[in-house]
Amino acid sequence: MPSDHDPLLAAGIDLGGTHLKLALVRRDGSVAARNEAPIRTAAGADAAIAQIVERLHALFDAHGVSRASVVGVGLGCPGPLSPSRGLIIRMANLPGWDQVPIRQRLADALALPVTLENDGNAAAFGEYWAGDRTCRDLVTFTLGTGVGGGIIQDGRICRGALENAAELGHTIVVPDGLACPCGQHGCLERYASAAAVARRVEEAVRAGEPCALAGRIRAGASVDSEDVAGAVEAGDPLCRRIWLEACALLAVACVNVQHTVNPRRILLGGGMALAGETLLAPVREAYARRRWTLHDDYAEIALARLGYDAGVIGAAGCAWVQWEETGGAGERIQG
Ligand SMILES: [Zn+2]
């Protein structure tokens, strides 16, 4: 519920390929209310926008939140998109998502200001804005279905001239490696996402390699990165090989990020980071082994703090910042 001291809230929305997350977030980054539902983005933008509006109104109603107490709405979703134009350029390879002016459509439907941000950037901003604000230069890898990236420089999201910076999942870590649906080969996310490690274990089992998870996979059950991490901890050789290769390639990406933007901290989040030390220790070890010795400008590698909520909190944080920068606080004070 809204606090007695500051009843104002921002709404954060994290729109994924199959999941919709909503949260009402206070100015200090704490979550007042949240809601989560499956969403079928494959059904196109019109259906998704209708569902977002319906769920957000339901969240307002369930918690007695009046429209006047909501400073704005932040939406995080996968790129490519244009935050400045409020446009989703494409959504994976799904039909019905080309050039969708989602910011304006949501603003019209909700009668609230809306900001649009890449979901990887939103997660990074959440870790900064609702986490340790003394660390103003950080990079996040969100290891989920793909690998989301976000770069915070001096407390602000780095977007790049063409608004598509920090697509760290599509940095090439294996020249001529596995094909990626993005059109490149050897992208980080083909090896080091939660989905990729599970998929690679399944493929190896189907190719006949022995594995502790083979029985389940051959029985037609799907496995996820938590299953793989469990098998790694139990010493399964196949899972260890695939997991440690993912960690080594993540470490390569960390070295490259160190030399590109020189962050104070690199945070690992998303489903694969649920493995905790099983992920962190080998990435740190490989990073220490592969980085240069010319200078000690090393990044601290750590687990993301907000975990599953980083994207939705960060999206709300973007709405808060827009409200502050457009004079929202002043208008309120002046009444
Ligand atoms: Zn790619």
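The values are calculated or read from the model by the stated rules, or taken from the named source; none is laboratory data. Source: prediction; values computed, not measured. Because the Cβ atoms are built from the backbone with ideal geometry, glycine has one as well, and the counts that use them run over all protein chains shown. What goes into the accessible areas is simple: the full protein's heavy atoms, side chains included, and nothing from ligands, DNA or RNA. Shrake-Rupley method; radii C 1.70, N 1.55, O 1.52, S 1.80 Å.
Taking a ≥ b ≥ c as the square roots of the eigenvalues of the Cα gyration tensor of region 1-155, is the shape rounded (a/c under 1.5), prolate (a/b larger than b/c) or oblate? Walk me through the numbers before you get to the answer.
Working: a/c = 1.74, a/b = 1.08, b/c = 1.61.
Oblate is the answer for region 1-155, as a/c is 1.5 or above yet b/c matches or exceeds a/b.
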Quarter of Cα convex hull surface for region 134-304, i.e. mean projection, nm²: 10.5
Highest-MSF residue in the chain out of Gly74, Gly126, Gly177 [GNM, Cα springs under 10 Å]: Gly177
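Would you mind telling me the share, in percent, of accessible area of region 134-304 contributed by carbon and sulfur at probe 1.4 angstrom?
So the carbon and sulfur contribution to the accessible surface is 51 percent.
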In sequence order, calculated HN-Hα J values of region 79-92 (Karplus, 6.51, -1.76, 1.60; Hz; x Gly/Pro): x, x, 8, 10, x, 5, 9, x, 10, 8, 7, 7, 10, 6
Heavy-atom accessible area per residue - region 134-304, 1.4 Å, Å²: 46
Span from the region 86-162 Cα centroid across to the region 301-326 one, whole angstrom: 9
Dipole-positive endmost among Val65, Ala32, Leu250 within the chain (Cβ charges, Cα centre): Leu250
Heavy-atom SASA rank of Tyr298, Tyr287 (probe 1.4 Å, accessible area, largest first): Tyr298, Tyr287
Region 1-91, accessible surface, carbon-and-sulfur percent (1.4 angstrom probe): 52
Value at 222 nm in deg cm²/dmol, rounded to 500, when DSSP H runs of n ≥ 4 in the chain each add -39,500 (n - 2.57): -12000 deg cm²/dmol
